[in-house]
Amino acid sequence: MNSIVPEQAAPEVRTLAERVFHELQDAIVRGELEPGSKITEPGLSKAYGISRGPLREAMRRLESHRLIERVPHVGARVVKLSMKELLELFDVREALESMAARLAAEHMSTEEIAGLRKVLALHEQQADLKSGEAYYQREGDLDFHYRIVLGSHNRMLMTMLCDDLYYLVRLYRTQFSASGSRPHRAFVEHHRIVDAIEAGDAELAELLMRRHVSASRANVVDRYATTLKQQAEAAS
């Protein structure tokens, strides 16, 4: 915290920074701030009606979560992975999340599984999923994949998937999920994974999660290629 901020104002500043962090994070994940787009403190300060101090704190958090990056002679911009980087990210997801599903089948309690079912019930009521437009999951405990990783009870996996890579994975998982029948298919796949976990079938849970992430990967590749084609046509 900047030392010029009075001590009594610190909680309010932290609250502002927290609010702006979540608003910017959602805007990035939803694609309202497009990958690769330049962002400036004056522009964001005006858009969100806050002073530079809380905004800088929020931007530092976004940078630590790999959602924005600072480019020499350009400034801050929303992260944009190359196709190679994107595929590498999904390869890591497939390996680690399938492991998490296997461990979840071995370790999740009845209460944890009930909580997972409740999350899916909430998702089912979402307007975007009902219309087939997208399958947006809020972060943390309202995120199906996050709950699976917690259910693995493996601290190393939690660190890698719920901290180090979480926001970057969530960004691309969300933005490329809105394609044809993929939102509904992904939701059905989630239910099948929970069924396997509840049955204690570790091998099946691992297999279903691997297939689920692999299908998402294939969808991302297709959407990414389509986006690049559209950009090239618009530029020509």
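The values are calculated or read from the model by the stated rules, or taken from the named source; none is laboratory data. Here the structure is a predicted model, which means the values were calculated and not measured. Don't worry about glycine lacking a Cβ; one is built from the backbone with ideal geometry, like all the others, and counts go over all protein chains shown. The area values use the complete protein model at the heavy-atom level, side chains included, leaving out ligands, DNA and RNA. Shrake-Rupley method; radii C 1.70, N 1.55, O 1.52, S 1.80 Å.
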Reach of Lys118 by Cα under 23 Å, taken over lysines that are not fewer than 8 positions away in the same chain: Lys130
5 Å is the cut-off here: which amide hydrogens, built 1.01 Å from N in the peptide plane, fall below it relative to Ile68, excluding neighbours closer than 5 in sequence? Glu63, Val79
With the charge dipole of the chain built from beta-carbon charges (+1 for Lys and Arg, -1 for Asp and Glu) about the Cα centre, the Cα from Gln25, Ile193, Ser236 projecting farthest to the positive end belongs to Ser236
The chain accessible area per residue, 1.4 Å probe, protein heavy atoms, integer Å², reads 52 Å²
With θ set to phi - 60°, apply the Karplus curve 6.51 cos²θ - 1.76 cosθ + 1.60 along the range 96-109 and write out the HN-Hα couplings as whole Hz, x wherever there is a Gly or Pro. 7, 6, 5, 5, 4, 5, 4, 5, 5, 5, 8, 10, 5, 7
Sorted on mean Cβ neighbours within 10 Å (highest first), peptides 20-33, 93-106 come out as 93-106, 20-33
Rounded if a/c is under 1.5, else prolate if a/b is larger than b/c, else oblate: which is the chain, with a ≥ b ≥ c the root eigenvalues of its Cα gyration tensor? oblate
With only helices counted (DSSP H, runs n ≥ 4, each -39500 (n - 2.57)), the per-residue ellipticity at 222 nm for the chain, to the nearest 500, works out to -22000 deg cm²/dmol
Helix axis angle, 166-175 relative to the chain longest principal axis, alpha carbon, degrees: 80 degrees
Considering only protein heavy atoms and a 1.4 Å probe, what is the carbon-and-sulfur percentage of the accessible area of the chain? 52 percent
Relative contact order for the chain: what is it in percent, counting Cα pairs under 8 Å that are at least 6 residues apart? 23 percent
Among 57-65, 228-236, 73-81, the order from most to least packed when residues are scored by Cβ within 10 Å on average: 57-65, 73-81, 228-236
Taking amide H atoms as placed 1.01 Å from N in the peptide plane, list the residues 5 or more away in sequence, or in a different chain, whose amide H sits under 5 Å from that of Ala76. Ile39, Val71
Unit charges on C-beta of K, R, D, E only; dipole of the chain, Debye: 700 debye
In whole Hz, what ³J(HN,Hα) sequence does the range 148-163 give by Karplus (6.51, -1.76, 1.60; θ = phi - 60°), x for Gly and Pro? 5, 5, 4, x, 5, 6, 10, 5, 5, 5, 4, 4, 6, 9, 9, 9
